[in-house]
1. Mind putting a number on the dipole of segment 225-319 about its Cα centre? Charges go on the C-beta only, +1 for Lys and Arg and -1 for Asp and Glu, and I need it in Debye to the nearest 20.
2. Among (1) 26.7, 79; (2) 28.4, 93; (3) 31.1, 110, which one is Rg and Dmax of the Cα atoms in Å computed from these coordinates?
3. Is any residue of segment 456-471 close enough, with backbone N under 16 Å, to a label point placed 7 angstrom from the Cα of HIS620 along the Cα-Cβ axis, and if so, which?
4. Once you list every other residue whose beta carbon is under 12 Å from the beta carbon of VAL63, what net charge do they have if Lys and Arg are +1 and Asp and Glu are -1?
5. Suppose all protein chains stay in the model; what accessible area per residue would a 1.4 Å probe give for the chain, in Å²?
6. With an 8 Å cut-off on Cα pairs and a minimum separation of 6 or more residues, tell me the relative contact order of segment 463-611 in percent.
7. What's the FRET efficiency of ALA862 with VAL438 using the Cβ-Cβ distance as r and R₀ = 41 Å, to the nearest 0.05?
8. Between ALA483 and ALA69, with labels modelled 7 Å along Cα→Cβ, what's the label distance in nm to one decimal, could you check?
Amino acid sequence: MARLLDVLVVVHTHWDREWYLPAERFRQRLVALVDELLDEPPAEGESFLLDGQAVLLDDYLAVRPERAAELSALLRDGRLEAGPWYVLADELIPGGEALVRNLLLGRQTVRRLRGEPSPVLYCPDSFGHPSVLPELANGFGCAVVVLWRGYGGERWPAGDTVRWRGPSGAEVVLYHLPPDGYEFGSSLPVVPEEANARWARIGSVLAPRAVTGAALLLNGADHHARQRSQRDAVAALMRAAAPVRVRATTLRDAASSIAEAASRIALPVVEGELRDSYGYTWTLQGTLAARAGQKRRNARVERMLVRDVEPWMALLPSASDPASRALLRAAWRTLLQAHPHDTLCGTSIDEVAEAMDGRLASAEVQATGLREDALLAHLGHDREVARASTAAWRPTVVLRNPAARARGGVAELTLAATIADVAVGPGSGTRQGAARRVPRWEVDGVSLQLLQRRERVALTESPRAYPDADRVAEVRALGWVDAVPAYGIATREQRRGVGAAPRNPVRVSNRALDNGLLKVEVSEAGAVHLTDLATGRAVSGVVALEQTREEGDLYTPAVRDVLPAPRARRVRLVHRGPLRGELAIDYELSAPAGGRGSRCRVALQLDADLPALRISIDGHSCSGGHRLRVRIATGLAGATTLADAAFHPVARAPLVIPERDALMERVVPTAPLHRWVARFGSDAGATLISDGLAEYEALADGAVAVTLLRAVGVLSRHDLPERPGHAGWPADTPGAQSIGPFAARLALALHGPDTPAQRDAVERLADDVLLPLTGETLRSSLGEPQERFGLELRGDGLAFSAAAPAQREGWTMLRCVNRRDVAVRGRWTIGRPIAEATRARLDETPLDTLTIDGHSVVFEAAPREIVTVLLR
């Protein structure tokens, strides 16, 4: 191992935007910190690092806009460093596209102030890292990743520097912080004797680990302003370390030194996700189910933006106008401010969680409005004309297909009909419209099954008039649709017409549902039996709820004794088909000592022609101090596990560590859950799809346990055998007891063993379950029925990732992932001629020109490659 030659001191603050205090209180401290830096800037060739995130610039300027020019000057000179991230997010819970949007917005924020982010993917405190991070680094021009948790200890190569290889073969230099992490060089002493003692400790840790001869020493800690007499302290360390060289520098220059030194030697190579620093530093993998409902809602809003908002905007002829693009960035900014790891992981005080609820609600409202505007633009619907032409309205159902392949089947519909005019304003008491009969619910060419009815007031908006208000009857329904084009829109008049008969309709008999593909049976006691009718494969005890007492904190679970099994009170038939059959099991949950019992309903649903059992869970928790999971059996004992993750699925196996490492922190057996987790045996497989709950455990008998809620009432405890010591400042968190409603939407599919074709089928099924065909009534429609093709992706093994307005105005960005281990030829086809197309990096830096064939662009995808295409 090389002798330590160069200690690179970078002054920084680690800034959790919100944690044991709300963001507003921390911002007050941030303003003082940045004011001091502007008044007394770092010396030339040195910098102060704002923790690798750009949101702090927005936070500061929201209070001190008059100092924007001074801030810009320091960023331009490199004496203040921010980015490349917008926020230091949790990296395992968000999807891959959210991580890309985070980096894009971070870069835009810094560049808006004439700065340039350091080419370093700086991840000092994330609770683990996805396997795709090398691809993200390469895609944003970052040669070095700096990280701490999730890596380190005897199961990894010795030393501070390795090469980290991603799924596609992309590599990045991984620089690993010492066991004390980003605070190892905090509060450096000025007094010579103290500096000598401090260097003895620092040198004894850095020197044996210094693989390249360059070592990074971060001078700062959580929410720390620049230390007093900082330059004198570094000078004292220089003298104490002689003849070893110690110098203050910038993160940009430090990373350049590390990368240059690394290029001259052969480094060990590591692969896969990084979720194991047991025995080195706390890994903190137990946060995945803290405040579980928030994680579920975040996943749903994120999926909405990526799959059901951005594509509709991208496919407009103008690729979305500048104002719409700015509004899309605003929606993402709101959502990303819920992604800092202490926020999204739930490891914060209740006030922070309440603020996150507000951001998620705001992002959802913004996303819904952007989607509505884009869909109406595709249809050529003029709100102003429609508002003035109420007598000419022809209610129409607008169907949309948020998938890059043509699809038919069951569509989820919301149908509305006017039953009374509503007057508003002075004198409106005598001008209310007469009530009308609710019409017969019919849609031209669509067979219907009605599910639920209600009445409400609906507004028809116009940019130059007050809304038109009506009392409407509304039904939630299912419709059978033959086909809707890929990322296409089809309108059907809300009138009588002949509807096509569904394929594989649902039949009901006693306590059983059958759609010709699957049969589910429920006993009087609530036992669930599932049969694959094509193969005869059967699984018993498919769904079971399990409760345990929980004494942990928001960082670490501490599961104690098992509580009595929830009791099934009754089984009832809810829907009789033919498009959806549903059986519901009502449960009574056990109460922890001194608590109240809770209730829960598990609905089992079969849809026509869908080869999956939907499992819909709704409950109300009345007590804290417990963990509730749903256990989904597959009958595949000893199966391997493949789990969806950012851009690429990952194979996971149980982690076993020596007892000496477990003294610091015991292994948490659960893992991050994105859209699905599959279990594969030698001749059969099964996949569980989830709509956003973030934690699962793969059990030895083949079952998958998904955490519905983990109810604890404290941020951090010091006395847990699972993790002795405080992981955060102790605070009561009664809101994290999750008392109130909870919900989950899952689906189980039985299928064949692990093959490339089966993985493709799992990806398609996940889209069918999570992104179904959808339709809503447009009461103010004036036009004729129409059908519009949007966007199609072809190529074996290619998975759709994103379609969005590109960063460059007038261009559209398309992205897919080659899930195969071989090269694949792909083709994007859109609904209008293509003038120009280029391949690009993840950050949309153009690379090489692509072949255009009319409305299509052809490309080659290398094995496991993430392919970004820009076109206009």
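The values are calculated or read from the model by the stated rules, or taken from the named source; none is laboratory data. All values derive from a computational prediction rather than experimental measurement. Backbone-built Cβ (ideal geometry, glycine too); neighbour counts: all protein chains shown. Ligands, DNA and RNA are excluded from the accessible area calculation, which covers all protein heavy atoms including side chains. Shrake-Rupley method; radii C 1.70, N 1.55, O 1.52, S 1.80 Å.
1. For this selection, approximately 460 debye.
2. Identified label for the calculated read-out: (2).
3. Label zone hits: none.
4. Surrounding charge for VAL63 is -1.
5. It amounts to 37 Å² per residue over the chain.
6. Rounded, it is 21 percent for segment 463-611.
7. 0.10
8. In this crude label model, ALA483 to ALA69 measures out at 6.3 nm.
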